[in-house]
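Below is one structure, written out as structure tokens, with a few remarks after it.
All of the numbers you see were taken from the coordinates with simple rules; none came from a lab. Remember, it's a predicted structure, so these values are computed and weren't measured experimentally. Positions of Cβ are generated from backbone atoms using ideal geometry, with glycine treated the same way; all protein chains shown enter the neighbour counts.
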């Protein structure tokens, strides 16, 4: 039995279609700040702009040369915080090497009400409370949750094993699954006997960025496998999961590309709509 392929496009299309009328009514504006020309970032930004155009969301793409200084970037953030026409904005990561140590400062500088990436401490912290407070969750974890809902994959009572503990995916998806009644194990580069952990997973989420690290012998028969990793290899884009072998044992699996990616962009647009609604009522 071959696995159900969990494609992101139909889920993203359904979500964007449901947001279209609200975008028209609320007229929010998203600003994407990009520093340098990292090829992966270029591709992500293109996808974001294309999806925004599809739902009629106003966007502005601000680009800076890779050499931009921290004070210039911080001033841009302060200006966007102060601009009442800007609903939400994101600073596309990764930043160039000289700005990397300042990423926490950059994220902290973004007004929580406009933090549509959901990376700031305020929005992450609220998620710990319950699903009722997941107002601006990080886009990729929110996209995974939406995908599980769309394909009617139950979460409550299931054992979810997450490989990766980043603040962008691993930690927040662990919290969102806990909020929905899953038992959650988080693994990472220091985990001993990773295979023993991943073999227990009803839902296995790989978010490391290491091509093909999850192999067939690490997956329980019938598991749902969500692959968040994207690595550029000589054979093109590859996920963290060895898709060809794992699809023979999993009950459902996301492809790379075409799985979680489209959901991340759709979730970002949903956050922009939510941010606008919340700003109108604050």
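Mind running the shape call on the stretch 27-111? Use the C-alpha gyration tensor, a ≥ b ≥ c as the square roots of the eigenvalues: rounded below 1.5 for a/c, prolate if a/b tops b/c, oblate otherwise.
Numbers: a/c = 2.31, a/b = 1.26, b/c = 1.83.
Here the stretch 27-111 falls in the oblate category.
Could you give the length gained on full extension between residue 280 and residue 221, defined as 0.36 nm per residue of separation minus the Cα-Cα distance, in nm? Please list the in-between numbers first.
Numbers: separation 59, 0.36 × 59 = 21.24 nm, distance 4.83 nm.
Going from the current span to full extension adds 16.4 nm.
Post the alpha-carbon centroid distance, the stretch 153-178 to the stretch 215-265, in whole angstrom.
Value for the Cα centre distance between the two parts: 16 Å.
Distance from the Cα centre of the stretch 38-63 to that of the stretch 74-141, in angstrom?
Using only Cα atoms to place each centre, the spacing works out to 17 Å.
Which of rounded, prolate, oblate describes the stretch 138-261, given a ≥ b ≥ c as roots of the alpha-carbon gyration tensor eigenvalues and a/c under 1.5 marking rounded, otherwise prolate only if a/b is larger than b/c?
Rounded, since a/c falls under 1.5.
On C-alpha positions alone, give me the angle between the axis of helix 39-55 and the longest principal axis of the chain, in degrees, nearest 10.
70 degrees
So what's the angle, to the nearest 10 degrees on a 0 to 90 scale, between helix 139-150 and the longest Cα principal axis of the chain?
So the helix axis and the longest Cα principal axis differ by about 50 degrees.
Cα axis of helix 70-82 to longest principal axis of the chain: angle in degrees, 0 to 90, nearest 10?
So the inclination is approximately 80 degrees.
Could the peptides 198-209, 32-43 be put in order, highest first, of the mean number of other beta-carbon atoms found within 10 Å of their residues? Write out the running numbers ahead of the final one.
Values: 198-209: 21.9, 32-43: 16.5.
Going by the mean number of other Cβ atoms within 10 Å, highest first, we get 198-209, 32-43.
Note down the nm distance, to one decimal, between modelled labels 7 Å out along Cα→Cβ at residue 185 and at residue 156.
In this crude spin-label approximation the distance works out to 2.4 nm.
Of the beta bridges DSSP finds with both residues in the stretch 138-261, what % are antiparallel, to the nearest 5?
Working: 3 of 19 bridges.
Counting only bridges with both partners in the stretch 138-261, antiparallel ones make up about 15 percent.
Could you tell me the relative contact order of the stretch 1-97? Use alpha-carbon pairs under 8 Å, at least six residues apart, and round to a whole percent. Present the calculation step by step, with values, prior to reporting the outcome.
On the way: 93 pairs, mean separation 39.0, N = 97.
Worked out over the stretch 1-97, it gives 40 percent.
How do 151-158, 103-110 rank on mean C-beta neighbours within 10 Å, highest first? Write out the running numbers ahead of the final one.
Values: 151-158: 13.5, 103-110: 16.6.
Per-residue Cβ counts within 10 Å, averaged per peptide and sorted highest first, yield 103-110, 151-158.
If contacts are Cα pairs under 8 angstrom and at least 6 residues apart, what is the relative contact order of the chain in percent? The partial results should precede the final answer.
Working: 548 pairs, mean separation 64.9, N = 282.
This gives 23 percent for the chain.
Connecting C-alpha atoms closer than 10 Å in a GNM of the chain, tell me which of 20, 114, 65 has the biggest fluctuation.
Of the options given, 65 has the highest mean-square fluctuation.
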